[in-house]
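Engineer: My questions will all concern the structure given below.
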Amino acid sequence: MNAHLSQFRPSRRIRTIEALISVMVLVWIAGSAVWAATPACAQQPRMPVSLTQAGEYGENIYDAAKAGNWSSSKSILKKLKASLVHVRAEVGDQLTGKRDLDAATAALGSAISLKNRQTAMQNANRVTFLVAEMSRPYKQRAPVELTELDYYGRELEMWSAAKDMRRLQQAASGMTTSWRTVRPRVVSHGGKAQAGKFDSLMGRLAKAKTPTDYGRLATPILDEVDMLENVFLR
């Protein structure tokens with residue numbers, strides 16, 4: 001009987017393999033748990049310096065074009081183009097983003113050459129938006145949505161002057177979405193007071209009916225976005 005049963009007992013080698021497999025499974029489960037528990041920001045690569053610079057140059061050109069300072073616009077455009085050379089090398093997997101950024105920069109250059117204030121401001125602002133979208137995979141101190149709020153604030157500024165209600169409504173809708181996304185993070189970082197102030201502005205934005213209504217909100221919104229950024233940078 002015992003001899004008969006011994007035929008069904010696993011060999012020592014099989015038992016050893018099964019034990020090793022069990023250990024490997026446990027190690028894999030433990031590793032997965034550690035990865036899941038690791039904060040997302042710790043898993044993200046560092047933000048390329050060239051991408052940060054490109055966004056800053058876009059905003060600087062917007063301000064220069066708004067003021068009609070074309071010599072400054074041309075000077076900063078050169079810096080933007082230089083930074084994009086490095087962006088192409090450092091952000092190799094975002095082909096669509098790079099292509100769109102190159103197109104916006106080319107349009108921006110043409111607008112500056114023609115001293116077309118509205119088109120220059122529009123494309124400079126688009127540069128800031130494209131850079132923000134391309135920066136999502138990277139570790140940053142402040143959320144990308146705050147850069148989006150800045151972008152939409154400038155959109156309100158531009159399109160209220162142009163009295164383009166369709167663009168203004170699009171900007172307001174985009175701003176509402178970005179704020180809903182980032183608001184919990186602002187509050188969790190100790191920015192409850194700042195969130196309250198921005199909530200008030202968003203309430204006024206929801207009631208805006210004319211380009212003048214939107215235009216009156218552009219500067220207060222842009223100023224408050226700076227305060228929101230400080231919540232994460234302090």
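Derivation of every value follows stated rules applied to the coordinates shown; laboratory data play no part. Everything quoted here is computed from the prediction, not taken from an experiment. Reconstructed Cβ throughout: ideal geometry from the backbone, glycine too, with neighbour counts over all protein chains shown.
Engineer: With Cβ to Cβ distances under 12 Å as the rule, what net charge do the other residues near Asn69 carry (K, R +1; D, E -1)?
Structural biologist: Working: positive: Lys66, Lys74, Lys115, Arg117; negative: Asp63.
Residues near Asn69 contribute +3 overall.
Engineer: Taking a threshold of 25 Å on the Cα-Cα distance, which of the pairs Lys98/Lys192; Lys98/Lys139; Lys163/Lys207; Lys115/Lys163; Lys81/Lys115 fall above it? Can you show the working numbers first?
Structural biologist: On the way: Lys98/Lys192 36 Å; Lys98/Lys139 19 Å; Lys163/Lys207 17 Å; Lys115/Lys163 21 Å; Lys81/Lys115 18 Å.
Those over the limit are Lys98/Lys192.
Engineer: For Arg166 and Asp223 in one chain, what is 0.36 nm times their gap in residues minus the Cα-Cα distance, to one decimal in nm? The partial results should precede the final answer.
Structural biologist: Numbers: separation 57, 0.36 × 57 = 20.52 nm, distance 2.40 nm.
Stretched fully, the Arg166-Asp223 segment lengthens by 18.1 nm.
Engineer: Using the Cα gyration tensor of the stretch 48-136, with a ≥ b ≥ c the square roots of its eigenvalues, what is the shape: rounded (a/c below 1.5), prolate (a/b larger than b/c) or oblate (neither)? Don't skip to the answer; put the middle values down first.
Structural biologist: Values: a/c = 2.04, a/b = 1.86, b/c = 1.10.
Cα axes put the stretch 48-136 in the prolate bin.
Engineer: So how do Asp63, Asp223, Asp150 line up by other beta-carbon neighbours within 10 Å, fewest first? Intermediate values should be presented prior to the final figure.
Structural biologist: Numbers: Asp63 15, Asp223 12, Asp150 25.
Result, fewest neighbours first: Asp223, Asp63, Asp150.
Engineer: Return the distance in nm (one decimal) between the two label points of a simple spin-label model at Thr96 and Met47, each offset 7 Å from Cα along Cα→Cβ.
Structural biologist: Using points 7 Å along Cα→Cβ, the separation is 2.3 nm.
Engineer: With the crude spin-label approximation of a point 7 Å out along Cα→Cβ, what separation in nm comes out for Ala89 versus Arg136?
Structural biologist: It works out to 2.7 nm between the two label points.
Engineer: A further question follows. Taking 7 Å along the Cα-to-C-beta vector as the label spot, tell me the Asn69-Val187 distance in nanometres, rounded to one decimal.
Structural biologist: My value for the distance between the label points is 4.0 nm.
Engineer: Order these by the 10 Å Cβ neighbour count, fewest first: Leu168, Leu108.
Structural biologist: On the way: Leu168 24, Leu108 27.
Sorted ascending by nearby Cβ count, the order is Leu168, Leu108.
Engineer: Expected output is a single nm value to one decimal: the length gained when fully extending between Ser113 and Glu56, i.e. 0.36 nm times separation in residues minus the C-alpha distance. What is it? Before the final figure, lay out the partial values.
Structural biologist: Values: separation 57, 0.36 × 57 = 20.52 nm, distance 2.05 nm.
Once the chain is fully extended between Ser113 and Glu56, it gains 18.5 nm.
Engineer: Can you list the residues, at least 5 places off or on another chain, whose amide H is less than 5 Å from the amide H of Lys139, using H built in the peptide plane?
Structural biologist: Amide H neighbours of Lys139: Arg46, Met47.
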